[in-house]
Amino acid sequence: MCISQSRAQRQEGSDSPMQNLSRKFSTVPIHKLLPSQLHQHRPHPAEIFSEFQQRRKLLEHKLVAVLDGCAGLRQVKAVHGHLLLHGLGQCCYVLTKLIRTLTKLDVPMDAYPLLVFRQIKYPNPFLWTAMIRGYSIQGPVSESLNFYTCMRKSGVGPVSFTFSALFKACGDVLDVNLGRQIHAHTILVGGFVADLYVGNTMIDMYVKCGFLECGRKVFDEMPERDVVSWTELIVAYTKVGDMESARELFEGLPAKDMVAWTAMVNGYAQNAHPREALDCFERMQCAGVGTDEITLAGLISACAQLGASKYANWVRDIAEKSGFGPTENVLVGSALIDMYSKCGSLDNAFKVFQGMKERNVFSYSSMILGFAMHGRASAAIELFHEMLTTEIRPNKVTFIGVLTACSHAGMVDQGRQLFATMEKYYDVVPTADHYTCMVDLLGRAGRLEEALDLVETMPIDAHGGVWGALLGACRTHGNPDIAQIAANHLFELEPDSIGNYVVLSNIYASAGRWDEVSRVRKLMREKGLKKKPAYSWVETKKGVIHEFCAGETTHPEYTEIKKTLEDLLDRLLANGYQPNLDSAAYAVGDDEKTRILMSHSEKLALAYALLSTDSVSTIKIMKNIRICEDCHSFMCGASQVTGREIVVRDNMRFHHFHNGTCSCGNFW
DNA sequence: GTAGGGTTAG
């Protein structure tokens, strides 16, 4: 027993030279010795190395923290200089951070980062990956891939982050083929395909490239998923408008966080389902999930689509209570400006704008568009000039706003001038949407030939909007010949859009060309297209919304409505109003035309509002299609004989009727 | 290292 023990001791000693050494050295940690004791003790070398390593690690961490705080290339270079000076020029950990910092500072990879990298003798996988990621962010992606190949050749194995960086690169340049190759490679290398981050970036890559089904397949095959994987796919479905699939997936998500809920709320809002967006938000609140500015942006957009002041005030209240009020938060503020404009309260929109501490191009553009939508052209243009005195540069939407303002106010020359400066001074290349505004501008002003010429000579392809603007102008100015040209293009571009057939047929009807009217109607029948029913909505005092369809007689208070309308008509006729019979595009007698005109949904809505609201409040009516000429002059007259303010939002813009005139100046 | 965002025209 005794022998075997001593043998074991001897064996232990021979196996471990360090243990042998330890008998000759002190085991007291060096930092616990007094200076006077130092010369008597001989600290163990392992301890000295360990202490050295600890200090070095601490130093490296500190350097990484310093790099994190670097604000510019000069500071990074200074750190690098110190690294070289103190023998840390080969330290992969710190240099990885250094390269990442340079990437964050947008320093071109080929310049300084590559120089740093080339000085390293033995780069570790993280350092290689920092280079791959750098090129993946800046491009070219081919270089990113080159680095990957070199890394493999040098015998360094990848880490999961390497694949994430590569997939991100493929997603950014929309190169699904390369993505597929790397996907296959990921499987080949083994292990990484099951990694959560790798899977998530792979889903993102497929989705960005437009291969949603491939992303779904990756998702379905992932051994482990988290809320990020789910949310990526949910968003992908909302972006293609497939809210049903998004909802299905969302309901199956076990732990829904704020981002996932927000994806649903905003998905509904973006796909024109404002009620569902509101419902979803209420569920989110019941689930006790917090709200931030991004959730609010979607929610506010939903309220803007509903266009009712009841919701506008409700959502504003929520924003204030969540700590994202319009004064402090530029995102929420801009969204509220847009919402108030669309709800008909231009005053509230402007109040929000004025109260904002910080403004950006969204705030200005929304406000300019608000003014334009409400016919306040000079205010829109004034604000545009005010914006130019700040550091904020206009973008393409800002120009849509000012051009629309000019167009609705008949300011042809000013509009032309602005259009000419867009690219020259502001680097905003005109898009087909801007040409739409220009065609609208010329068209409304009656310069149909010039408008046609512009469409035919514009340097980019005209889309439906451009021809549609021309067709609309032909309606206003009664030009069936140019209308036919525009319509022919529209029938090609938008074969199933019913509105174009209706407008063309109405133009022919106004010109009394009934043969042509029947021809267009026949075309509609052949295509199986049916006229969209015209609706109007009116909000009563209690915030209840009543809907009226053209020609309907089923409202419970129809008798009173009819009586009110007849009384109003009598007063208007006495005041000089004459029904615009051209607005009833049917080959029938004048009496029948008048009867049809009196059944238009906005007139019914107006009569109901007169019946059910107090005599001082503004009447707000919303419509799903453009207001006709007859209803427009009817509203003008009504605002005069009743002394009421009437606001009508049609599918184009707002009309403020006050004392016999409209804010649109009869341009719409 | 991975996920949610605002204004647009006929």
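What number results when the radius of gyration of the range A:102-146, computed over Cα atoms, is divided by 2.2 N^0.38 Å? List each step's numbers first, then the result.
Working: Rg = 9.8 Å, N = 45, 2.2 N^0.38 = 9.3 Å.
So the range A:102-146 has a normalised radius of gyration of 1.05.
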Whole Å is fine, so just give me how far the alpha carbon centre of the range A:219-250 lies from that of the range A:326-355.
33 Å
For A:K620, what residues show an amide H to amide H distance below 5 Å, using hydrogens built from the backbone and excluding near sequence neighbours?
A:E539, A:V647
How large is the Kirkwood hydrodynamic radius of chain A, in angstrom, based on all distinct alpha carbon pairs?
30.8 Å
Quick one: compute the contact order of the range A:58-122, relative version, from alpha carbon pairs under 8 angstrom and 6+ residues apart, as a percent.
38 percent
Let's test the formula: R0 of 25 Å, r as the Cβ-Cβ distance of A:K396 and A:E282. What FRET efficiency results, to the nearest 0.05?
0.10
Tell me the label-point distance for the pair A:T661, A:E213, using the 7 Å Cα-to-Cβ offset, in nm and rounded to one decimal.
6.0 nm
How many nm is it between the label spots at A:N488 and A:S142, if each spot is 7 Å from the Cα in line with the beta carbon?
4.6 nm
Taking chain A and counting helices only, DSSP H stretches of n ≥ 4 at -39,500 (n - 2.57) each over all residues, the nearest-500 ellipticity at 222 nm comes to -20500 deg cm²/dmol
Apply the Karplus curve 6.51 cos²θ - 1.76 cosθ + 1.60, θ = phi - 60°, to the phi angles in the range A:169-181 and return the couplings in whole Hz, x for Gly and Pro.
4, 4, x, 5, 9, 6, 9, 6, 5, 4, x, 5, 4
Residue by residue, what Karplus-based ³J(HN,Hα) values in Hz, rounded to whole numbers, does the range A:425-442 have, using 6.51, -1.76 and 1.60 with θ = phi - 60° and x for Gly and Pro?
9, 10, 6, 9, 6, x, 9, 4, 5, 5, 5, 4, 4, 5, 5, 4, 4, 5
Paramagnetic label zone (point 7 Å from Cα along Cα-to-C-beta, A:T559; backbone N under 18 Å) in the range A:601-618:
A:608, A:611-612
Cα-Cα separations in the range A:568-668 greater than 22 Å, expressed as whole percent:
24 percent
For the range A:467-485 and the range A:158-214, what is the centre-to-centre distance using only Cα atoms, to the nearest Å?
51 Å
31 Å Cα-Cα threshold exceeded, pairs from A:K104/A:K357; A:K256/A:K396; A:K562/A:K623
A:K256/A:K396
If I model a spin label at A:E51 and A:T618 as a point 7 Å from the Cα along the Cα→Cβ vector, what separation in nanometres do I get?
7.9 nm
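Work out which GluC sites (Glu not before Pro) in chain A are exposed loop sites (DSSP not H, G, I, E or B, at most 11 other Cβ within 10 Å) and give the longest gap free of them.
Values: sites that count: A:E224, A:E358, A:E391.
It works out to A:392-668.
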Excluding exposed DSSP-loop trypsin sites (Lys or Arg not before Pro) (at most 15 other C-beta within 10 Å), longest clean stretch of chain A:
A:122-356
What's the carbon and sulfur percent of chain A's accessible surface, probe 1.4 angstrom, rounded to a whole number?
54 percent
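Over all directions, the average projected area of the alpha-carbon convex hull for the range A:448-526 comes to how many nm²? Please report the intermediate quantities before stating the final value.
On the way: hull surface 18.9 nm².
Averaging across all directions leaves 4.7 nm² for the Cα convex hull.
Let me make sure I get this right: for the range A:67-151, a, b and c are the square roots of the gyration tensor eigenvalues over alpha carbons, sorted descending. Under 1.5 in a/c it's rounded, otherwise prolate if a/b > b/c, else oblate. Which is it? Intermediate results must be reported in sequence, preceding the final value.
Numbers: a/c = 2.18, a/b = 1.31, b/c = 1.66.
Cα axes put the range A:67-151 in the oblate bin.
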For A:S497, enumerate residues with amide H under 5 Å from its amide H, sequence gap 5+ or separate chain, H modeled in the peptide plane.
none
Set of lysines with alpha-carbon distance to A:K530 below 17 Å, sequence-local pairs under 8 removed:
A:K522
What are the lysines whose alpha-carbon lies under 23 Å from the alpha-carbon of A:K153, with same-chain residues fewer than 8 places away excluded?
A:K121, A:K168
First measure r as the distance between the Cβ atoms of A:S378 and A:K77, then evaluate 1/(1 + (r/R0)^6) with R0 = 51 Å and state the FRET efficiency to the nearest 0.05.
0.45
How many angstrom lie between the Cα centre of the range A:592-668 and the Cα centre of the range A:506-574?
13 Å
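How high is the relative contact order of chain A? Use alpha-carbon pairs under 8 Å, at least six apart in sequence, and give a whole percent. Let's see the in-between values first.
On the way: 954 pairs, mean separation 35.6, N = 668.
The normalised contact order for chain A reaches 5 percent.
The values are calculated or read from the model by the stated rules, or taken from the named source; none is laboratory data. All of these numbers come straight from a predicted model, not from anything done at the bench. Because the Cβ atoms are built from the backbone with ideal geometry, glycine has one as well, and the counts that use them run over all protein chains shown. What goes into the accessible areas is simple: the full protein's heavy atoms, side chains included, and nothing from ligands, DNA or RNA. Shrake-Rupley method; radii C 1.70, N 1.55, O 1.52, S 1.80 Å.
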